Amino acid sequence: GHPEIFPLLLTEKTQEIFNCRPDEDVTEENNFKCIKKEDIIQDLKTRAKSSDFLPFKKVILEYPGEELLVVFDPSFQYGENFYIVASEEAKENFLKSLEAAEEKEETEEENIEETPEVRKPWVSLGSEKEVEEESVIERDTKIKYKISRVRRQFGAPIAFTDKNAADDKESYAECTAYEDNTFSIKMLERDVGVQMVPKLREASTQTKWTYPKNASTQYYPRQLSNEAKAESLSSETLKKFLTAVHLRVEIALQQNEIMNVFFDDWKALAEDQEEGKADVYFKEYQSFTDVQYLKNRTITCVRWHPTIYGIIALSAREQPSYEEQVNLSNKSLLQSVILLWSMFDPLCLQLVLKAPEDICCFQFSPSNPNLIAGGCVDGQIVLWDISKHEEKLESTKPVVDEVTESSEGEPRAAVVTEVTLGLMVGYNAQGFPSKPPLVRNCAASSTPYCHTKPATDVQWLPRNVEENQKGGTSEKKDEKKLQLVTCSPDCSILFWDIPSMERREEFLSTKIKEERRSQMPPGDPDTDEDLDLSWKPLIKVVSTNTEHRDRAKLCHCHFPGRVRPRSTLRGPIKESTYTEMSASSSKNLELLENISTDFFVGNEDGEVVYSEWKKKIDTNTAKPHSQKYSLHTETINTLQKSPFFKDIFLSIGGQKFAIWKEGVTNGPILQSSCSAGRYTAGQWSLTRPGVFFIGRDNGNIDIWDLLKKTHEPSHFQNISKSIITFISPSSASAEQHFLAVSDNLGVLHILEICQTLCHPPSNE
């Protein structure tokens, strides 16, 4: 009904150009703005199609006046935030209506001001008396004190001395207590008498004492004849007894079947009550770092010594850039080592294991802890023997009130008592830390036959089985012979046979002689490649299917136990689509068919693959089974078997974790939802089957207790400001358990686990 009004949409830029910004230049009360016609035409020329006035260009050019009226429309009455008035008559009517409205408001305000106020007289209801009673009125005259001092004493030096206050009477004024009659309370007194008479009773007792004497009793079973037995079984007395008690005996047997009569309900009730009050936490026990070996490095692997309490080993590697990860030929300027520390002496290194390259992973041998196998970033497998330093590691334990001497004449570990101080291993006579022993590797794999990419996991095979060159599992006849398995992103799994003691000593002596003989300058190439041509893998499992790129963490191999050997099997080797096995010999083998050769492996694509390494000897048999599960979105960094169940595994990678059961083919039995950050490490608890720990990229440790929650961690605690790289638990005793946590800054944190996470409930 208003043809002279055109709705207009003004953007923020146009509002700033013409100074008509809502709530600043124009408001609901002052909602109009007069804009010159020349300015609008200039904006049309300058901004062209981006000008907000372009749809009304013809209307603006035909407008007769010099200024156009632009009105702010906050309620969108005409459909946009502004509208323009395109006629002079409508513009004058709009301005006159605003002036009339303002005059009307001023008239109303003047009428309100002229109206006299009518006030009612105040009527007292007694409230002023209550105010006077509650108010504080000073009745006593204040005492005024004036403190003065002689003018010449101002600024004079002051000397304080000690003296007895009782010697000088004017030094202090004693205010002794006295009885004030003003506050004495008068009490009514009355005489009261009480008489109590106890009842008396005479009693006596006599204990009969007998002198001790030796006594013995001899008994023998009463035997009945066959006639007496038959007569007793057929008697009416026995029949009546059985008829009377058979119902009670039947009920008791039924109760024993349906419930545990020895179950302690009171103890279980106490556990339920304490469950909500328990405080779950990690207590910082110790921390390790080293400026020489761990500066600008990230810790890759942490392992506790299996038998010596308090010894912990760690490996580190440089924090490589993307170019260095692609080009593995760039060697580190720092020395690649494995460091061994003692919890009783955190300032001094106990051993330093020298390595040809940075170590990605390593593992103590469970049967012989003096053997340590490690995988390098270039794919080489290295072996160390620390048996000569075993006594040194054991001497780091505290010894009460004694100082023992080592075989080399150096003082060993001692405990600092209240009276005497002893020197500890790793310190010289002046009390400063001495240089730790440097241990060279006793064996190294041949470069052409090892992995072509970093070795990501090392696992020792159990002592009761061994793998032969045909891919079969056989019974181990030599208990001193050990084997290990390694895996790498080069899509291969290698089985290694540990060299004998003579071969290891020969390798080590040759290496030492070569190092002494060469005496090469720092810029010359390393000569270790000429010395590691003797150790080759026994079996090689290679992924031939491009869809199954198995290249990450290798889990613990699952063996059901020893089985009797069967007959010797002969036949050609059959290759499958998944695994290709290579061997250097084809001799007849004696196999154990009932030993499991299945294994789990995780890859860089986040897939968990369940397969087997055993070769099929018969050509008519089916292909080896291989199952692949795509669950994780990133590289799997942890794949570990539960210490309580041989068929339960934990996989961690990316933003998820999953729990798998061997034999369940439809996927994991438990998987988590995607978390906000990345999971970087994980480990099962050694004392509670339903508890495991997961490290995150924000430095937190998530504590998962499956008895309490399965959708989120029951607790979490911040450990570091950097990424958690590895987690390793240890059980020092039944009451003390530790958790070693490493971060990306090269710091190892030793945490003490609380008792709630150590002692499992009765039903876990």
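List the pairs from Lys36/Lys96; Lys37/Lys58; Lys33/Lys96; Lys283/Lys721; Lys656/Lys708; Lys295/Lys392 whose alpha-carbon separation is above 24 Å, in the order I gave them. The answer is Lys295/Lys392.
Packing here is the average count of other Cβ atoms within 10 Å per residue, and on that basis the peptides 32-39, 670-677, highest first, run 32-39, 670-677. Listed peptides 636-649, 249-262, 195-208 appear in the order 636-649, 249-262, 195-208 once ranked by packing, highest mean of other Cβ atoms within 10 Å at the front. Remark: accessible surface ordering of Arg688, Arg317 (largest first) is Arg317, Arg688, probe radius 1.4 Å. Accessible surface of the stretch 669-750, 1.4 Å probe: 53 percent of it comes from carbon and sulfur atoms. Using a probe radius of 1.4 angstrom, the carbon and sulfur fraction of the accessible surface of the stretch 5-106 is 47%. Placing +1 on the Cβ of every Lys and Arg and -1 on the Cβ of every Asp and Glu, with no other charges, gives the stretch 5-106 a dipole of roughly 800 debye about its Cα centre. Modelled spin labels at Arg149 and Glu132, positioned 7 Å past Cα toward Cβ, are 4.9 nm from each other. Summarising the label geometry, the points placed 7 Å from Cα in the beta-carbon direction at Trp122 and Leu686 lie 8.3 nm from one another. Spin-label pair Val291-Glu752: with each label point 7 Å from Cα along the Cα-Cβ axis, the two points sit 2.9 nm from one another. Each part gets one Cα centre, and for the stretch 3-57 versus the stretch 330-397 those centres are 77 Å apart. Between amide H atoms placed 1.01 Å from N, distances below 5 Å from Leu10 occur with Asn81, Phe82, all of them 5 or more places distant or on a separate chain. Rg and Dmax of the stretch 5-106, based on Cα coordinates, read 13.7, 46 Å. Measuring with a 1.4 angstrom probe and ignoring ligands and nucleic acids, Ser127 comes out at about 60 Å² accessible.
The values are calculated or read from the model by the stated rules, or taken from the named source; none is laboratory data. These figures come from a predicted structure and were not determined experimentally. Using ideal geometry, Cβ is built from the backbone for each residue, glycine included, and neighbour counts are taken over all protein chains shown. With ligands, DNA and RNA removed, areas are computed over all heavy atoms of the protein, side chains included. Shrake-Rupley method; radii C 1.70, N 1.55, O 1.52, S 1.80 Å.
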